[in-house]
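Before any comments, here is the structure.
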Amino acid sequence: MNLQRVLALTKKEMKKTVREPAVLFMIFLFPVVFVFAFGASFGGVGAGQPVYQIGVVNRDQATPPQASQLFLAALSDTKILNIQNYADNQTAQNDLSQGKVQAIIILPNKFSQSFASYQEAPNNPSEWINATILLYLDKGSIVATQAIPPIIQQVLTAFTDQNRQAAASPISLETASLVEVEQASALDFIAPGMFTFASIFLIMMVAQSFTQDRENGMMKRIRITPTTPTEFMTSQVLSYIAIALIQAILVFAMVYLLGFRPNVGMPVYAFAFILVLVFSLSNVGFGLITATIAKSSGAATGISFLFVLPQLFLGTFVGASLSSAAQLAGKFVPSYYVTDALTSLFLRGAIITSPAVLMDMTIVSVSCVVILAIGIILYGKYYKI
Amino acid sequence: MKESAIVISDLVKRFEDVTAIDGLSLQVEKGELFGLLGPNGAGKTTTINVLCGLLRPTSGSATVDGFDVQEQPEKVKELIGVCPQETAVYPYLTGAENVELFGNLHTMNKDALKARRDMLLEKMGLAEEAKRRAEKYSAGMKRRLSVILALIHDPQIVFLDEPTVGMDPQSRRAVWGFLKELKKEGKTIILTTHYMEEAEELCDRVGIMDYGKLIALGSPQNLISKDNVKNLEEVFIKLTGRTIREEL
């Protein structure tokens, strides 16, 4: 492979991106504008009757812990909360950071005692044994932070108060991560998806670029030179990685200016950028598949939406507002795993080596290789490179 | 006898039920300026595409400077320069950047590339416009730029597929002058054109193709005197019963 040819073609592609107003807009400005429009439209919580996964660490030391078990049964009876028991807080926290559960409640060791004290002297607070249920929430989910606390509070009130309608109770609910959650804005919740969102539009640009070069005879002209297919495709991949990197930097700069300040270190940022770059390669693959199908650059624009829209709606910040069926469908698009990993890293506080993040990275990498290979093989078969 | 730059033997190229080249055999000598003439659809461009390695022939063979176009296309591509029929330049690059890109694709040395770029832009009358984007060029200027892209790496064998289409008479004369210079340098040039006066002016020999077959071969003067007509266009009319221009 000759580096001089690869660099010359990469430079050419970068100049095209900067100099063609339509390309410049589509790759860099459109995602930003679109993000704001969608953020405003879909900023709220979703419709329907969702089910939340709740982790429980029961420290109630009563034998048997009858009151706490009754309380957990009451939570399950809501049909909204799916209870998952954990032996210790650390395991539960790990799952919370990876998005496996949306909240954790820690039942205190005096739960049954506290409940019993209330039963015996409901009108005499001085006799009560106070206890606090700690609630940890998935900071990466606007739904979890807004919907889960009132549901649990409602169940707790109903459970302790029974029919007495008392104003106070010895068992209180305290949201352990409430301070941070309250500071989170809608932007915080959609920011991870915005990184994914921007890269998706590479599909359209790659498809247009290849079909245009085919239409105006440039692809043929390149083929007449000693440039090999490997050199040509390498230059394209390098160009689009560079474009994806610039996109990611611009999006990050924008959300940072707007107040997005994830409490993570440089390694996490580096990992996040690498993830987005890997994802961009799968979009190059989708672009090549589109360019293979499309007979003209105009058709390429339309056909590219077949790949853009599912990734956009099912795999970015938009997905959080969709039905559970649509969210399930999202698991079949690469963008879902990019957004999920970024959410885990930026909002849930997961570390790079956590199983959920590594699994997301693996799925994105494998799908990227497969999609890019399919794109190159298909395009090479029907149009030659 | 001079060494052959191009040897075509019983070449056939079919596209489904259309036979674009029908048993073409031809030799072009090194240093020759050879004109391939014929109406649209005669098979001229298909022949060039086969010689460039862009199309695989259905049967027959072709070699360029001894290299088989099917077996050693990478060797062939190092030797040739091609100005395709369509004006293929990158509109968002300047004239100079287009030239540099193709020089780099031929892995030219930086200094040599710069010197040859400047020389070609000057000779083709594009030096003053070199820093403007090609999208701002007139059709004739784009065509001249397209010719430069084919010649930037100083190829030994040059294929020019209707290089002067859309050019004003002055530009056309400038290109003619440059092609004559290339011939003096010993380059082999295969030129397709619809302009009979161009072929008469420039070509050592011409081959007239029709329906994929070579129907006449010789120097313009020989063909004119053999058919006892006034010019090459009349030779063509006599042979095919059609004028070339009406096919445009």
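Quick look at the values:
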{"read-out": "Test result for A:T353, under 19 Å from A:F195 (Cβ atoms), loosely packed, with under 14 Cβ neighbours inside 10 Å and not assigned by TED's automatic domain parsing to the domain that holds A:Q93", "value": "no"}
{"read-out": "Any hit, the range B:137-152, residues being exposed (fewer than 15 other Cβ atoms within 10 Å of the Cβ) and out of contact with any Ser or Thr (no Cβ under 9 Å at 6 or more places or on another chain)", "value": "yes"}
{"read-out": "Residue match in the range B:140-162 (condition: among the basic types (K, R), under 29 Å from B:F236 (Cα atoms), away from chain A (no Cβ under 12 Å) and in contact (Cβ under 8 Å) with a residue 40 or more places away in the chain)", "value": "yes"}
{"read-out": "Top-ranked residue in the range A:148-171 [being loosely packed, with under 15 Cβ neighbours inside 10 Å and modelled with pLDDT under 80; ranked as nearest to A:L72 (Cα to Cα)]", "value": "A:Q162"}
{"read-out": "Checking B:G186 against (1) over 24 Å from B:R143 (Cα atoms); (2) outside any helix (DSSP H, G or I), the condition it does not meet", "value": "(1)"}
{"read-out": "Spans of helices (runs of 4 or more DSSP H) in the range B:71-165 with at least 1 residues more than 14 Å from the chain's Cα centre (by Cα) and modelled with pLDDT under 95", "value": "B:73-79, B:110-123, B:139-151"}
{"read-out": "Residue within the range B:164-171 that is touching a strand residue (DSSP E or B) at 6+ places or on another chain (Cβ under 8 Å), away from chain A (no Cβ under 13 Å), touching a residue at least 12 places away in the same chain (Cβ under 8 Å) and β-branched (V, I, T) present", "value": "yes"}
{"read-out": "A:T91 outside any strand (DSSP E or B) and within 30 Å of A:L345 (Cβ to Cβ)", "value": "yes"}
{"read-out": "Index of the failed condition, B:M108 passing every other in (1) surrounded by fewer than 18 Cβ atoms within 10 Å (Cβ to Cβ); (2) out of contact with any helix residue (DSSP H, G or I) (no Cβ under 7 Å at 6 or more places or on another chain)", "value": "(1)"}
{"read-out": "Check on A:I224, free of Cβ contacts under 8 Å to residues at least 60 places away in the same chain and over 30 Å from the mean Cα position of the chain (by Cα)", "value": "yes"}
{"read-out": "Residue in the range B:51-70 that is farthest from the other protein chains (Cβ to nearest Cβ), counting only those that are without any contact (Cβ under 8 Å) to a residue 40 or more places away in the chain and not in a strand (DSSP E or B)", "value": "B:G66"}
{"read-out": "Check on A:K331, of a type in the set (K, R) and closer than 19 Å to A:T196 by Cα", "value": "yes"}
{"read-out": "The range A:216-256, subset surrounded by fewer than 23 Cβ atoms within 10 Å (Cβ to Cβ) and part of a loop (DSSP other than H, G, I, E, B), residue farthest from the other protein chains (Cβ to nearest Cβ)", "value": "A:T228"}
{"read-out": "Qualifying residue in the range B:71-82 (condition: away from chain A (no Cβ under 13 Å) and not small (G, A, S))", "value": "yes"}
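The values are calculated or read from the model by the stated rules, or taken from the named source; none is laboratory data. Computed from a predicted structure; not experimentally measured. Please note: Cβ atoms are built from the backbone with ideal geometry, for glycine as well, and neighbour counts cover all protein chains shown.
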